[in-house]
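Note sheet for the following structure.
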Amino acid sequence: MNVYWSYGSPFTPPQRQNAPAPFSVGDAAIGQYRQDFTNNNKSYAIDGNQQQSGGGTLSSNGADQITLGGITVTGGPRFYNGKIPEYILYTQALSQTETNKVESYLALKYGIRLGGSPSSGPDYIASDGTVFRSDASTTNATVFNVFGIGRDDTSGLHQRVSKSQEPSAILTAATSADFTSSNLDASRTDLDTDLEFVTHAVSTDAALARTAFEVAPNYIAANKTWFIQETGDVAPVQYQVEVSNLALLSYERLYAVVATNMSGTPVIEYIPATVASNLASFEVDWPANTTDNRMLLAVCNTLDAMCILSQNNTDPAAIPSASWWSLLLAVLGVFGALGVFSALGASRGALRSV
């Protein structure tokens, strides 16, 4: 992608700067251009990362023009061949905090990850200054596919369904079990309260695949771990995952392994998924105001009645024993060494039906 300045560029080469790799055709991004006449400075940023800045002679009499979607330069006009779903124009230079609020709004609304590819920051900030996602200080991991649902009345944001725009994204989150209708569809369930959010990031952009790890006997872990943070107390979230790469056999069962309070005493649940046409769906009720939750997929690959009967079993005593849960924590520790999962301390587990 190229960014063009219409007049008076202080950069080299004149009037043109290239966005950094791996930004390429088909990627979605948040672009920011700042022209500060008071401090005689202009700059631009991609997804919250400043790419170039500098001084130069700026004037407010029309000599310095800003164009959107096209420009005439030496050799003829140049046009942007893509979609611009939203642009916001301010008549003053925003502070860094104000800029972060605007970019956080756009990032959540369009499923775009701030900070480049991959990233562990910056924080995502609501209109009142609340941090509703922080990977640098809480997840402490390089992450991909940041997206979420949320409501911020001051900024006019009410995201009821969302999926990351990154090509590797396979997870969709919604307030109801409708993963195809528009976010603005009248039938969609609203979030109950202003300034509540559930956001997600994933540990890798590799294709979904089975690993060699068992989170419990006969429960084979997949290679992606999602990091979930909740601000407020959001109603149970509906999920859909594209799972064709797991090549599930007719007798195999798929579960979402959900671990909450990972920085304290983890609570671990196996939530059975309904699979149809390689799309798995399930529901998770995340604890209110938590920043350290995890989720992965596991395949129960046995004909044993334990796996099949557990679909409708809500009695923790009837599923894997305490020693199996200890094994699960040990496996999670191994994943932590791989930058995927980390858990210390005791846990208790429950297995419930959707």
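The values are calculated or read from the model by the stated rules, or taken from the named source; none is laboratory data. All figures in this text were calculated on a predicted structure; none of them were measured in a lab. With ideal geometry, Cβ positions are generated from the backbone for all residues, glycine too; neighbour counts draw on all protein chains shown.
Against the list (1) aliphatic (A, V, I, L, M); (2) modelled with pLDDT under 95; (3) closer than 24 Å to Val275 by Cβ, the condition Ala141 fails is (3).
Given the structure, is Tyr239 modelled with pLDDT of 95 or more and either hydroxyl-bearing (Ser, Thr, Tyr) or not assigned by TED's automatic domain parsing to the domain that holds Ile112 (or both)? Write out each step before concluding.
Values: modelled with pLDDT of 95 or more: yes; either hydroxyl-bearing (Ser, Thr, Tyr) or not assigned by TED's automatic domain parsing to the domain that holds Ile112 (or both): yes.
Yes.
Go through the residues of the stretch 134-153 one by one and say whether even a single one is touching a residue at least 40 places away in the same chain (Cβ under 8 Å), more than 16 Å from the chain's Cα centre (by Cα) and under 23 Å from Asn289 (Cβ atoms).
Initial filter on the stretch 134-153 (touching a residue at least 40 places away in the same chain (Cβ under 8 Å)): 134-135, 138-139, 141-153.
Of the ones still in play, those that are also more than 16 Å from the chain's Cα centre (by Cα) are 152-153.
Subsequent filtering for residues that are under 23 Å from Asn289 (Cβ atoms) retains 152-153.
Looking for residues that are touching a residue at least 40 places away in the same chain (Cβ under 8 Å), more than 16 Å from the chain's Cα centre (by Cα) and under 23 Å from Asn289 (Cβ atoms), one finds at least one in the stretch 134-153, hence yes.
Pairing residues of the stretch 94-111 that are under 23 Å from Glu166 (Cα atoms) with residues that are of a type in the set (Lys, Arg) and surrounded by fewer than 20 Cβ atoms within 10 Å (Cβ to Cβ), at Cβ distances under 6 Å and at least 6 apart in sequence or on separate chains, gives Gly111/Lys163.
Within the stretch 243-252, not a single residue is surrounded by 22 or more Cβ atoms within 10 Å (Cβ to Cβ) and either part of a strand (DSSP E or B) or touching a residue at least 12 places away in the same chain (Cβ under 8 Å) (or both). Taken over the stretch 173-216, residues that are surrounded by 14 or more Cβ atoms within 10 Å (Cβ to Cβ) and not aromatic (Phe, Trp, Tyr) amount to 28. Within the stretch 79-97, the only residue that satisfies the criterion of being at pLDDT below 85, more than 18 Å from Ile46 (Cβ to Cβ) and outside any loop (DSSP other than H, G, I, E, B) is Phe79.
Please tell me if Val215 is within 21 Å of the chain's Cα centre (by Cα) and under 13 Å from Ala298 (Cβ atoms).
Values: within 21 Å of the chain's Cα centre (by Cα): no; under 13 Å from Ala298 (Cβ atoms): yes.
So Val215 does not fit the description; no.
Checked against (1) in contact (Cβ under 8 Å) with a residue 12 or more places away in the chain; (2) over 19 Å from the mean Cα position of the chain (by Cα); (3) in a loop (DSSP other than H, G, I, E, B), Val234 passes all but condition (2). Taken together, Ala288, Ala276 contain a single residue that is surrounded by fewer than 21 Cβ atoms within 10 Å (Cβ to Cβ), assigned by TED's automatic domain parsing to the domain that holds Asn245, at pLDDT 90 or above and more than 21 Å from Val243 (Cβ to Cβ), which is Ala288.
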